[in-house]
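S.K.: Pasting in a structure now, in structure tokens, and then I'll have a few things to ask.
The values are calculated or read from the model by the stated rules, or taken from the named source; none is laboratory data. Values in this document were obtained by computation on a predicted structure and should not be read as measured data. A quick note on method: Cβ atoms are made from the backbone with ideal geometry, for glycine too, and the neighbour counts reach across all protein chains shown.
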């Protein structure tokens, strides 16, 4: 829980500073770079978490890896590393993206289908989501072949399950009920 608090505090501070200096979009791009680079490299994630490697060595490695960061993001990574909070760097970047989306009113919708969406279906899904009262939508697509057909749309804590797999499971449950035994 303390790590969550710390990551949120660092993320909010970076967000406010980037907003104040009018480099919010550059900082957002930098946080996306940090998240994608750390998720792609297991060795880098281990380096960030390692208590054996000294701070100055981590700083030199991070400056070599993240050469394209803006000056604000670069200074932030340096500050985090000097404060020995570098294991939280990825979580801070994720929290920053969450704060960024919340401040701009962007909702993330996750759609899971059996097959990849084509452009026409994607626009229909976006129109459906906008009819729900959400104007700014970031659509994340997942493919799960076990669904057989249909789709599952998840927006925040709401979910619409219109998959064939759910319908089959509902049928199984209704057939498993014994109508001749009274439930008391």
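S.K.: Is it the case that some residue within region 165-176 is crowded, with 16+ Cβ neighbours inside 10 Å, out of contact with any strand residue (DSSP E or B) (no Cβ under 8 Å at 6 or more places or on another chain) and touching a residue at least 12 places away in the same chain (Cβ under 8 Å)? So that I can check it myself, show each step before the final result.
M.R.: Kept after step one, since they are crowded, with 16+ Cβ neighbours inside 10 Å, are these residues of region 165-176: 165.
Applying the additional criterion that residues be out of contact with any strand residue (DSSP E or B) (no Cβ under 8 Å at 6 or more places or on another chain) yields 165.
Restricting the remaining residues to those that are touching a residue at least 12 places away in the same chain (Cβ under 8 Å) gives 165.
Yes, region 165-176 has at least one match.
S.K.: Please tell me if residue 158 is surrounded by fewer than 14 Cβ atoms within 10 Å (Cβ to Cβ), without any contact (Cβ under 8 Å) to a residue 40 or more places away in the chain and outside the structural domain of residue 36 (by TED's automatic domain parsing).
M.R.: Values: surrounded by fewer than 14 Cβ atoms within 10 Å (Cβ to Cβ): yes; without any contact (Cβ under 8 Å) to a residue 40 or more places away in the chain: yes; outside the structural domain of residue 36 (by TED's automatic domain parsing): yes.
Answer is yes for this residue.
S.K.: Does region 38-57 contain at least one residue that is in a helix (DSSP H, G or I) and farther than 16 Å from residue 86 by Cα?
M.R.: yes
S.K.: In a helix (DSSP H, G or I) and surrounded by 17 or more Cβ atoms within 10 Å (Cβ to Cβ) - does that describe any residue in region 101-116? Break it down stepwise before answering.
M.R.: First, the residues of region 101-116 that are in a helix (DSSP H, G or I): 101-104.
Keeping just the survivors that are surrounded by 17 or more Cβ atoms within 10 Å (Cβ to Cβ) gives none.
No, the conditions are met nowhere in region 101-116.
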